[in-house]
């Protein structure tokens, strides 16, 4: 599933619940948004790649890594604090299981496939806090925009591993901070509020850990690696 597929799926899901909400004559959960503090949980699908920056090579030929995101998932909790009718503070911690295939530009006939292609799995424990901007409620639906800042800990980063790419281990930094932006719609069902949203995540710091050998063929031309991804989220409150 690529970013385009996630976007199409989101639009279809939002359309379904928007129509469902507007067809009902009775407004559900009328006092739900008057609560000062609310809690919930979410599940999501993610598609995370990376923005790469490189150094110039001696030959002038570009050195590039081929990074292929693989569809993965995550889970988390929500704590929502109401400021006023249109603004909420939202803490939505969770864990994201991210998988990427990383291919180095080397010949598999010379090196083993394990040294040329890697499946890199990152388990991010995430702590995002954001500001949610709501529109007025339209019967049983309410669109919103949200911006968040997050601190993330990649607990499978291998940052301190004694092995590196020369022995088949792709290392990343454990800590990652990021901006996150979301758009979605709250749908008020008879017994709970269901939210579908799409989130973009943009890492701020370099996550790439170079090999110990400064002349390593794998890392000497890599300047930085910053995660970029899309999350399709389903929230229940």
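Look at (1) farther than 23 Å from residue 195 by Cα; (2) within 17 Å of the chain's Cα centre (by Cα); (3) surrounded by fewer than 15 Cβ atoms within 10 Å (Cβ to Cβ) and you find that residue 111 fails only one, number (2).
Of the residues making up the range 204-230, just one is without any contact (Cβ under 8 Å) to a residue 40 or more places away in the chain and in a strand (DSSP E or B), namely 208.
Considering only the range 97-106, I want to know if a residue exists there that is within 12 Å of the chain's Cα centre (by Cα), within 21 Å of residue 52 (Cβ to Cβ) and free of Cβ contacts under 8 Å to residues at least 60 places away in the same chain.
Yes, because at least one residue in the range 97-106 is within 12 Å of the chain's Cα centre (by Cα), within 21 Å of residue 52 (Cβ to Cβ) and free of Cβ contacts under 8 Å to residues at least 60 places away in the same chain.
Quick note: the coordinates plus some simple rules give every number you see, no bench work behind them. Quick caveat: nothing in here was measured; it's all calculated off a predicted structure. Because the Cβ atoms are built from the backbone with ideal geometry, glycine has one as well, and the counts that use them run over all protein chains shown.
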